[in-house]
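Below is one structure, written out as structure tokens; the observations come after it.
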Amino acid sequence: MKLVLVGIQGAGKSTQGNLLSEKYQVPYLSSGHVFREMAKEKTPLGRFLKETLNAGCLIPDDKTVDIVMEYLQKPEYKKGFILDGFPRTVPQAEAFQQFTKGEEITILIDVSDKEALWRISGRISDREDETLQAVRKRIDLFHEKTSKVLDYYAERKHLAVVDGEKSVEEVFAQIIEKIESISAKKD
């Protein structure tokens, strides 16, 4: 299984990603987590990632593709994965489609900006990249850049949408239903 979870910050991707990882016994990988870990490193790339993330900006496509693809080459991802936070732009989606040979299923966890901001403001975080200004900028970038990725996947019939404003259990059930429906069509 190659599953991509898409949604604005606060949509519940990591919650659902971890639940799906447990159910399907494939690893969950958050590109944001990978970037935050790398940003702690005292290297030029680490410093660049830290500054970029703290400003609420997206990591450039070439760096993002290189980093994520390198991770996905690891043995633990050979049987599949659940990916969160990638692809975020059409060039990333095109590179990813070549890598997966179009076998991925993409699920949009759809929540309003208001709901996402409410959720984020309600959680306690010591993340430097989770200031209100940075979060708002990432939400704007999601609408500006990632909405085009959703169009890209919708055109290829690789996109399913779930109502992310339901309870965790209801969202999980919707995702399972979409995965099973899409998988049945592929068989």
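The values are calculated or read from the model by the stated rules, or taken from the named source; none is laboratory data. As the structure is a prediction and not an experimental result, all values here were calculated from the model. All Cβ positions, even for glycine, are placed from backbone atoms using ideal geometry, and neighbour counts span all protein chains on display. Heavy atoms of the whole protein, side chains included, go into the accessibility calculation; ligands, DNA and RNA do not. Shrake-Rupley method; radii C 1.70, N 1.55, O 1.52, S 1.80 Å.
Computed values, structure above
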| read-out | value |
| --- | --- |
| Rounded to whole Hz, the Karplus (6.51, -1.76, 1.60) HN-Hα couplings of region 21-32, x for glycine and proline | 4, 5, 5, 9, 6, 10, x, 9, 10, 9, 4, x |
| Spacing of the two label points (7 Å from each Cα toward its C-beta) at K114 and V90, in nm | 3.2 nm |
| Charge dipole (debye, nearest 20) of the chain; +1 at Cβ of Lys and Arg, -1 at Cβ of Asp and Glu | 280 debye |
| 5 angstrom amide H check on I105, placed H, neighbours 5+ away | K2, L3, V4 |
| Distance violations [Cα-Cα > 30 Å] among K74/K145; K78/K185; K78/K166; K166/K186; K2/K50 | K78/K166 |
| Compactness index (Cα Rg / 2.2 N^0.38 Å), region 1-75 | 1.18 |
| Region 7-91 - percent of accessible surface contributed by carbon and sulfur, probe 1.4 Å | 53 percent |
| Derived scalar couplings ³J(HN,Hα) [region 143-160; Karplus, 6.51 cos²θ - 1.76 cosθ + 1.60; whole Hz; x for Gly, Pro] | 5, 6, 9, 6, 4, 5, 5, 4, 4, 4, 6, 4, 4, 9, 6, 10, 10, 10 |
| Per-peptide average of other Cβ atoms within 10 Å, ordering 33-42, 77-86, 4-13 highest first | 4-13, 77-86, 33-42 |
| Listed residue (L108, P75, L150) projecting farthest to the positive dipole end of the chain, Cβ model | P75 |
| Values of log10 I(q)/I(0), in the order q = 0.11 Å⁻¹, for the chain under a Debye, Cα-only, solvent-free model | -0.46 |
| Region 87-115 residues near the modelled A173 label - backbone nitrogen below 15 Å, point 7 Å along Cα→Cβ | none |
| Karplus-derived HN-Hα couplings along region 37-51 (A = 6.51, B = -1.76, C = 1.60, θ = phi - 60°), whole Hz, x at Gly and Pro | 5, 5, 5, 6, 6, 8, 10, x, 5, x, 5, 4, 4, 4, 5 |
| Accessible area (Å², per residue) of the chain, counting only protein heavy atoms and a probe of 1.4 Å | 54 Å² |
| For peptides 166-175, 100-109, sequence by mean Cβ density within 10 Å, most packed first | 100-109, 166-175 |
